[in-house]
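Reviewing the structure listed below.
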Amino acid sequence: MIFGKKKNEPVFSLDPVSSDPVTSVIGPGFNWHGDLRGSGGVRIEGTLEGEVAVRGLVVIGESGKLVCQLLQAETVVVAGAVQGNIQCSRLEIRSTGRIWGDVVTTAFSSEDGAFLRGQMRMEDRVEVPTEATITPAQVAAVEDAPISGITGDEPLPGPITPEAEEDGGG
């Protein structure tokens with residue numbers, strides 16, 4: 001057959017493409033204070049305050065909140081809230097996702113309703129953790145560069161609504 005049926009393959013996939021399945025979960029109702037380092041996949045549905053360096057997939061679920069200076073991972077999917085800078089190979093922001101911070105990535109996708117307040121820089125290549133660690137020098141370098149529009153002393157902003165935008169707050 002010369003002319004076959006056109007395959008209906010989606011151009012945009014919402015499912016994270018990662019060889020690392022989610023193997024660890026910080027569930028709703030949990031509050032974690034400290035750094036998270038390792039390899040594999042992690043899903044955050046609770047609250048985490050600390051640095052994150054994961055060789056693999058990091059999913060911030062709809063009920064998840066992350067406050068950090070730097071989140072480093074191969075793939076990051078945000079459906080919850082992140083207050084901090086992100087460095088990853090691939091970033092997806094879902095319709096419920098909110099990010100307050102700067103992003104460095106090689107691939108980016110978002111759904112309608114996704115929110116990003118900060119700067120985004122697209123690179124040909126992004127260094128992700130190879131030993132799944134953050135060195136003190138990396139932390140010091142990030143601490144010297146403030147997150148856009150965030151002092152670090154304020155609580156995690158709430159969802160942005162049209163009314164809040166008009167009032168100039170969140």
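Is one or more of the residues making up segment 39-47 over 22 Å from Asp124 (Cβ atoms) and either touching a helix residue (DSSP H, G or I) at 6+ places or on another chain (Cβ under 9 Å) or among the aliphatic types (A, V, I, L, M) (or both)?
Yes, segment 39-47 contains at least one residue that is over 22 Å from Asp124 (Cβ atoms) and either touching a helix residue (DSSP H, G or I) at 6+ places or on another chain (Cβ under 9 Å) or among the aliphatic types (A, V, I, L, M) (or both).
Taking into account only those residues within segment 33-91 that are hydrophobic (A, V, I, L, M, F, W, C) and in contact with a Phe, Trp or Tyr (Cβ under 9 Å, 6 or more places away or on another chain), which is surrounded by the fewest Cβ atoms within 10 Å (Cβ to Cβ)?
Among them, the one singled out is Ala81.
Here, each number is a calculation from the coordinates, and none is a lab measurement. Only a predicted model underlies this, so the values are computations on that prediction, with no experimental measurement involved. For neighbour counting, all protein chains shown are included, and Cβ atoms are generated from backbone atoms with ideal geometry for every residue, glycine included.
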